[in-house]
Amino acid sequence: MSSNIYLPHLATITEIEPQTPDTTMLRVVLEDSTLAQSFTYRPGQFAQLSIFGIGECPISIASTPTRKGSLEFCVRAVGQVTNALHELDVGHKIGIRGPYGNSFPLAEIEGQNLLFIGGGIGLAPLRSLINYVLDNREHYGEVELVYGARSPRDLVFKGELNSWGEQEGVTAYLTVDQGDERWRGPVGFVPPFLREIAPSPQEKVAFICGPPIMIKLVMEALEEMEFPPDRIVITLERKMKCGVGKCGRCNIGSKYICRDGPVFTLEQLKVLPGGLE
Amino acid sequence: MKRTKKPDLAKWLNRVAQMYDLFGPSLDGVVQFKRVKSSEQLVFGYANSVVPPKNLFLPQTECLFAFRRERGSIILGPAEGLEKERVLFAIRPCDAHSLLLLDKVFNGDLEDTYYQEKRRRTILVGLACPSPPKRTCFCTSLGIDPLVAEGVDILLTDLGDGYLVEVTTGKGEELVGLSPELFDPSAEGEKPKGEKGKSLEEVVEKIGSLWEDEYWRELSRRCLGCGVCTYLCPTCRCFDLTDVGSTLGGKRFRCWDSCIFADFTHMASGVNPRPTGKERVRQRYFDKFSYFPEEYGALGCVGCGRCSQYCPVGIDIRTIINEIIARGTK
């Protein structure tokens, strides 16, 4: 069995960066050094992470392929595997299968202005593309980020949110559903916050990732702002097991989110049965 | 074309069982394909097995690999392959057709080595269907001829006192060649004529218009969600991956799963994109008659009728097909 699609590669956790009370970022390095060098992926793809004896779960790759050597995964503790991932220490081994899925449309967005809209841990896959764009700055136009979380302590990648905002040509707008005593920024959900900011659709592509209700309302808001459906890009989440379009559970219509997605344009979702549900 | 007498077929199967792992219809609670040591363990005179032979290629539970923690690292053990070549005796035309459909899924761009090895190392001996067929059979409506098994290495047709033997591949020749004296090579074509109806293209054309139809809700009110239709379906192939053991050591298994089960799409976050029976039942029929044709260019049903026969509340796929044709628009 030379290329067994179900057999994970071993990887070592080299760094753990807690992000919020329930979310942490794991940096991992593939054990096989040849593979670690040759492992390539595109922003928007995901991997299946294994803890042997617990199971597997699909997690977006939060790092950018422009920064080689390690992979980063931002994991919220919500299920069996993700809770177990939170129990691990530096030096522990996990399994990795992937990269899986299509990716964000990299070539098609060259020269465009980019609008990223994220909610909660939904920033993780967007972060891969944001850092990719910033590492290839000359190929892309203005970058805007509209990001919200339930509370200030639920914002992920806080350090990068600050440093991105300080870069020329990058504007970061942050909001929280509920503030705390130290929060001085805007309070409110992402969709109405986005309407307030009212970004221009001129030569711009919008990228959305977040909880389903946020995605739905943001898509509606962007359409009202006259973003064309082929310039609204969404990355979706479904329960997955195989990651390669065989186990049968993550489909929307005939499209498997693991294989044909997770990235779709609104134009593509509109023609899938149940694509907007 | 060759002929063989029934006692000679039994002798041949005994010879086959010495050289290969022989699987055939046998009675283990219900008729299903089991490993047999001799032809005496086989049953004849049934219309079709209750359990389709897909489990020989996609077992209900299958170990993919073993793992164990050792000195701070993890050792992944290889999967167990097949010891011997296998012979699957008496696969019916509908089930033989289902394997060609499963091939499209598991032998596609990303090959599933577990399925593929089992397919590659299994010789198929088809058995044409008796007439009249089972009450729930409708393969002819799906363009399948109950007397012709596509994709088999040998096809047998029961002629009463013996079998007509059509050898279609080199592997089939080898198998017959184990005991050539048991086969009369001079038999002339006296094969009964089969029937092949029109394929249900109309269902494929119409089902898309019924996404919002109230019919799926009505159907789901009767459905108990037991999933027997999917487990006994020769083309249903959904599976789960699950670990058994502990983080110290264990095995990763693949197990059958079902789109009819509530937790099939239920994410750890609490979100379930198919929250009620309506979405789950609709998924099953859209997969058979819309998604599978769209992706693989063939209907995802072979008309074996097992789902209709064994549904505890009498949901009949033929009724559903008729409803789709009656309600849908092109």
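Brief remarks follow.
- Neighbour counts of C-beta atoms inside 10 Å place A:Trp183, B:Trp256 in the sequence A:Trp183, B:Trp256, starting with the fewest.
- Along the range A:159-167 the Karplus relation, 6.51 cos²θ - 1.76 cosθ + 1.60 evaluated at θ = phi - 60°, assigns HN-Hα couplings of x, 5, 4, 5, 5, 4, x, 7, 6 Hz to successive residues, with x for each Gly and Pro.
- Projecting label points 7 angstrom from Cα along Cα→Cβ for A:Thr66 and A:Val271 puts them 3.3 nm apart.
- Fewest-first ranking of B:Arg71, A:Arg67, using other Cβ atoms within 10 Å as the exposure measure: B:Arg71, A:Arg67
- Volume per residue for the range B:233-330 equals 155 cubic angstrom (convex hull of Cα atoms).
- Considering only B:Val244, B:Val165, B:Val203, the mean-square fluctuation computed in a Gaussian network model of chain B, springs between alpha carbons under 10 angstrom, is largest for B:Val244.
- Computed from phi, the 3J(HN,Hα) profile of the range B:33-41 under the Karplus parametrisation 6.51, -1.76, 1.60 (θ = phi - 60°) reads 7, 10, 5, 10, 8, 8, 5, 5, 7 Hz, with x in place of Gly and Pro.
- Helix A:212-224 vs. chain A, principal-axis angle (Cα, 0 to 90°, nearest 10): 40
- A:Leu35 paired with A:Lys158, simple spin-label distance in nm, labels 7 Å along Cα-to-beta-carbon: 3.6
- Listed by Cβ neighbour count within 10 Å, with the fewest neighbours leading, B:Trp216, A:Trp164 appear as A:Trp164, B:Trp216.
- Square roots of five times the Cα gyration tensor eigenvalues for the range A:9-100, Å: 19, 14, 13
- Semi-axes of the equivalent ellipsoid for the range B:2-182, Cα gyration tensor, largest first, Å: 31, 20, 16
- Positive dipole terminus of chain A, leading residue within A:Leu106, A:Pro228, A:Val170 (C-beta point charges): A:Leu106
- Across the alpha-carbon set of the protein assembly as shown, the Rg to Rh ratio works out to 1.04, Rh being the Kirkwood radius.
- For the range B:69-85, backbone phi angles converted through the Karplus equation (6.51, -1.76, 1.60; θ = phi - 60°) give residue-by-residue couplings of 8, 8, 6, x, 10, 10, 9, 9, x, x, 6, 7, x, 7, 6, 10, 4 Hz, Gly and Pro being listed as x.
- Fluctuation leader among A:Val176, A:Val218, A:Val78 - chain A, Gaussian network, Cα springs under 10 angstrom: A:Val78
- Summed residue charge, Cβ within 10 Å of B:Ile123's Cβ, Lys/Arg positive, Asp/Glu negative: 0
- Assigned charges on the beta-carbon of Lys, Arg, Asp, Glu; the protein assembly as shown dipole about Cα centre (debye): 1840
- Taking 0.36 nm per residue of separation and subtracting the Cα-Cα distance, full extension of the segment from A:Asp230 to A:His139 would add 30.7 nm.
- Scaled radius of gyration (Cα, divided by 2.2 N^0.38 Å) that chain B gives: 1.08
- Here the range A:53-129 is assigned +1 on the Cβ of each Lys and Arg and -1 on the Cβ of each Asp and Glu. Its dipole about the Cα centre then comes out at about 100 debye.
- Working note: 222 nm ellipticity from helices only, DSSP H runs with n ≥ 4, each -39,500 (n - 2.57), summed and divided by the residues of chain A, gives -6000 deg cm²/dmol to the nearest 500.
- Net charge dipole, the range B:2-182: roughly 420 debye, given to the nearest 20, about the Cα centre with Cβ charges of +1 for Lys and Arg and -1 for Asp and Glu.
- Percent of beta bridges antiparallel (DSSP, chain B, rounded to nearest 5): 75
- Database note for chain A: Cys without another Cys beta carbon under 4.7 angstrom, A:Cys57, A:Cys74, A:Cys209, A:Cys250, A:Cys258.
- Options A:Asn131, A:Phe157, A:Ile208, ranked by Cα towards positive dipole end of the range A:113-235, top entry (Cβ charges): A:Phe157
- Chain B: calculated mean residue ellipticity at 222 nm from DSSP helix runs of at least 4, using -39500 (n - 2.57): -7500 deg cm²/dmol
- Cross-link reach list, lysines versus B:Lys84, counting only Cα pairs under 16 Å and skipping chain neighbours closer than eight places: B:Lys34, B:Lys37, B:Lys118, B:Lys171
- DSSP assigns beta bridges within the range B:83-175; of those with both partners inside it, close to 40 percent run antiparallel.
- One way to sum up the overall shape of chain A is the equivalent ellipsoid from its Cα gyration tensor, whose semi-axes run 29, 22, 19 Å, largest first.
Throughout, read-outs are computed from the coordinates displayed, never taken from laboratory work. Note that the structure is a prediction, hence the values are computed from the model and not measured. Glycine gets a Cβ as well: all are built from the backbone with ideal geometry, and neighbour counts include every protein chain shown.
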